[in-house]
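Contents: one structure, followed by commentary.
The values are calculated or read from the model by the stated rules, or taken from the named source; none is laboratory data. Since this is a predicted model, take the numbers as computed values, not measurements. Glycine also receives a Cβ, built like all others from the backbone with ideal geometry; neighbour counts cover every protein chain displayed.
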Amino acid sequence: MLQTRALGKLVVVQVKLYLREPIAVFFTLLMPVMLLVMMGFILGNEPVSELGGRGHLDVNLSGYAALVIGILGIAGVPIETATRRETGVLRRFRATPLRPLTYIASDVLGNFAMMVLGVTVVFLLGRFGYGVRFHGSLPTLALGVFLSAAAFLSVAYVLASIIPTSRAAMVVGNVLLYPMLVLSGAVVPQQVMPETVRNVARFVPLTYVVTLFGGLWSGHGLSEHLREILVLGGVLIVGVALAAWLFRWE
Amino acid sequence: MGEKVVEVDGLVKRYGDLTAIDDISFDIRAGEIFGMVGPNGAGKTTTVECIEGLRRPDQGTVRVLGMRPGVDHYALAERIGIQFQVDALPPRIKVGETLDLFAHFYSNPLEWQKLLEQLGLSAKKHSPFATLSGGQKQRLFIALALVNDPDLLFMDEPTTGLDPQSRRAMWGMVEDIRARGKTVFLTTHSMEEAERLCDRVAIMDHGRIMALDTPDNLIAALKAETRVVFAVEGRMDTEVLSDIPGVTRVEQRNGRVVVHGSGSGFLGRVISALESSKVSFGQLRTEEPGLEDVFLALTGREMRD
Ligand SMILES: Nc1ncnc2c1ncn2[C@@H]1O[C@H](COP(=O)(O)OP(=O)(O)OP(=O)(O)O)[C@@H](O)[C@H]1O
Ligand SMILES: [Mg+2]
């Protein structure tokens, strides 16, 4: 049973609370944008021969966009949820008829909106601020963004369900996040990585987001990315099932 | 007496080796303020939360408003209000926003603006939770517990941490809630609070209910003595007092005399004996036995130990 009245209100409050947290906004929404601006400043987007005649931003833009999804999903949402569990905020909700599923849905929807917003800002800035050419179709790219966001939010809730404290969530977030950012190609392009590193990267889910975004941005259709879609879809389904089973208020 | 809104039968709750609740049974009736008093660790919070369905008892049955706590959780949550001993909200959520949000969780919420007004929080409507004082937070949590206009309200130490004025205001509020036909279950450390506010009181210690009755009956059952206390200049000859029928003991220390005794006319006889003995005395007062004495008699120690 979905509690629509509660859900609508809770989504709005969740987003407001998130936007009132300057540090969280900085590390999740603004960092990828700042990375884009810094790289644009240092490297520019001139065609480079090692990158097959494309500019640094042409190659990396989709990685910065993927970063938004990775950071919120692996660190942002689990840390916030663990903090709420630890401080007893979730317990306060438990004293009401609010269902766990409604709470999770509101948090997922709110963070989904934030992910889409963050990705959009990165793409718009790349396209119009640095002239990174867009060859794809908007609806197709949007589908790729939605799928990736949903998959990472399900991972976020699996983590949030099994990690007991906010401190542990921070540790796990950092331990998973930094290798993931580097391996996935979100910061350093896959093209310049050695073969062995790329083999490891195949086990990092964010890699598929980077590849999917890059492909869709450069004009591929969804059918050319069945592998990415299957992996992210699989992550989504397994994640939802696990989170629904594992989530606890306290 | 109203019908039973809470029925607890043979409740046992263990945490590892510790038996926090040791086979207790009691009922709460519609329209009463039911109090549970006891020292730290007596098992008050555990009892309350087993009844609310937030902790699972190891043995025994609990019925609340005819429902099974924990099992019929969502239906029950619509009709009860819960104020936790320790409670939390996101630091940046605003007071008005919080009430509006929680009002949306229930099918028949009260008008939350009025509730804010009644609790004296209207001026704080736009303040973030983290900026509220302890007492203001407490009142906000009470407002959250009342937003669904519950038939049964649980309050776990509602006046701990409040100044005397807010405490009195809280008592008034609890009485208003009862006057509207609701039932209240509250826990407290304060015997004064229990005596002043509760229709019936359960005295709890080490997970057991030591006594359960109206405050008057609990005190009367104690057959405790009244004390007459007064000041004298210098020392007086206390023989005139110890000879009075009903007096059991007279103490004299530092210009202060305490006469212990009981029976009807005890106070009058003490005063007339003093008058006729021409002793100059002042600051006379009597100390009636209270729940504090009941606790002492039942457990052999003071509440605050
Ligand atoms: N979750 C728990 N795990 C282990 N032990 C617990 C837990 N909750 C309570 N206890 C223990 O059970 C006993 C009763 O605790 P409870 O919180 O019910 O007491 P209380 O009467 O509410 O005390 P206070 O007046 O301090 O609030 C205590 O000894 C406490 O340490
Ligand atoms: Mg307690």
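Screening A:M38 against (1) under 21 Å from A:L117 (Cα atoms); (2) in contact with a helix residue (DSSP H, G or I) (Cβ under 9 Å, 6 or more places away or on another chain) leaves a single unmet condition, (2).
Residue check: is A:T96 modelled with pLDDT of 95 or more, among the β-branched types (V, I, T) and more than 17 Å from the chain's Cα centre (by Cα)?
Details: modelled with pLDDT of 95 or more: yes; among the β-branched types (V, I, T): yes; more than 17 Å from the chain's Cα centre (by Cα): yes.
It is true that A:T96 is modelled with pLDDT of 95 or more, among the β-branched types (V, I, T) and more than 17 Å from the chain's Cα centre (by Cα).
Residues considered: B:G35, B:G31, B:G43. Of these, the only one that is within 16 Å of ligand 2 (Cβ to nearest atom), touching a Gly at 6+ places or on another chain (Cβ under 7 Å) and either within 18 Å of B:T183 (Cβ to Cβ) or in contact (Cβ under 8 Å) with a residue 12 or more places away in the chain (or both) is B:G43. Within the range B:153-206, if we keep just the residues that are among the aliphatic types (A, V, I, L, M), within 19 Å of B:T299 (Cα to Cα) and in a helix (DSSP H, G or I), the residue that is modelled with the lowest pLDDT turns out to be B:M191. In the range A:49-63 there is no residue matching the filter, namely being at positive phi and either assigned to a helix (DSSP H, G or I) or within 14 Å of chain B (Cβ to nearest Cβ) (or both). Answer yes or no as to whether A:G40 is away from every other protein chain (no Cβ under 14 Å) and either assigned to a loop (DSSP other than H, G, I, E, B) or not polar (S, T, N, Q) (or both). For A:G40, the condition - away from every other protein chain (no Cβ under 14 Å) and either assigned to a loop (DSSP other than H, G, I, E, B) or not polar (S, T, N, Q) (or both) - is met.
Look at B:I142 and say whether it is without any contact (Cβ under 8 Å) to a residue 60 or more places away in the chain, over 30 Å from B:T19 (Cβ atoms) and under 23 Å from the mean Cα position of the chain (by Cα).
Values: without any contact (Cβ under 8 Å) to a residue 60 or more places away in the chain: yes; over 30 Å from B:T19 (Cβ atoms): yes; under 23 Å from the mean Cα position of the chain (by Cα): yes.
Against the criterion (without any contact (Cβ under 8 Å) to a residue 60 or more places away in the chain, over 30 Å from B:T19 (Cβ atoms) and under 23 Å from the mean Cα position of the chain (by Cα)), B:I142 qualifies.
From (1) of a type in the set (A, V, I, L, M, F, W, C); (2) away from chain A (no Cβ under 12 Å); (3) closer than 22 Å to B:R29 by Cα; (4) away from ligand 1 (no atom under 16 Å from the Cβ), pick out the condition that doesn't hold for B:A145. Going through the list (1) of a type in the set (A, V, I, L, M, F, W, C); (2) away from chain A (no Cβ under 12 Å); (3) closer than 22 Å to B:R29 by Cα; (4) away from ligand 1 (no atom under 16 Å from the Cβ), B:A145 breaks only (2).
The set of residues from the range B:66-112 being touching a strand residue (DSSP E or B) at 6+ places or on another chain (Cβ under 9 Å), more than 10 Å from every other protein chain (Cβ to nearest Cβ) and surrounded by fewer than 21 Cβ atoms within 10 Å (Cβ to Cβ) comprises B:G66, B:R68, B:G70, B:D72, B:Q85.
Please tell me if B:K4 is within 14 Å of ligand 1 (Cβ to nearest atom), among the basic types (K, R), farther than 19 Å from B:L298 by Cβ and away from chain A (no Cβ under 14 Å). Judged against the criteria, B:K4 is not a match.
Using the structure shown, decide if A:A24 is more than 14 Å from chain B (Cβ to nearest Cβ) and within 23 Å of B:R92 (Cα to Cα).
Details: more than 14 Å from chain B (Cβ to nearest Cβ): no; within 23 Å of B:R92 (Cα to Cα): yes.
In short, no.
Restricting A:L181, A:L138 to those that are of a type in the set (A, V, I, L, M) and at pLDDT 90 or above reduces the list to A:L138.
The residues on offer are B:D58, B:D149, B:D72, B:D156, and the sole one that is more than 22 Å from B:E7 (Cβ to Cβ) and acidic (D, E) is B:D149. Looking for whichever is within 14 Å of chain A (Cβ to nearest Cβ) and surrounded by fewer than 19 Cβ atoms within 10 Å (Cβ to Cβ) here; the options are B:P164, B:P150, B:P128. Which one fits? Of B:P164, B:P150, B:P128, the one residue that is within 14 Å of chain A (Cβ to nearest Cβ) and surrounded by fewer than 19 Cβ atoms within 10 Å (Cβ to Cβ) is B:P128. Restricting attention to the range B:32-49 and to residues that are crowded, with 17+ Cβ neighbours inside 10 Å, more than 14 Å from chain A (Cβ to nearest Cβ) and not in a strand (DSSP E or B), the residue that is farthest from ligand 1 (Cβ to nearest atom) turns out to be B:E32.
Only one entry in A:V12, A:V108, A:V25, A:V77 is surrounded by fewer than 19 Cβ atoms within 10 Å (Cβ to Cβ), part of a helix (DSSP H, G or I) and touching a Phe, Trp or Tyr at 6+ places or on another chain (Cβ under 9 Å), namely A:V25.
Only one of A:G136, A:G118, A:G55, A:G70 is farther than 30 Å from B:L146 by Cβ, touching a strand residue (DSSP E or B) at 6+ places or on another chain (Cβ under 8 Å) and touching a residue at least 60 places away in the same chain (Cβ under 8 Å). Can you tell me which?
The conditions single out A:G55.
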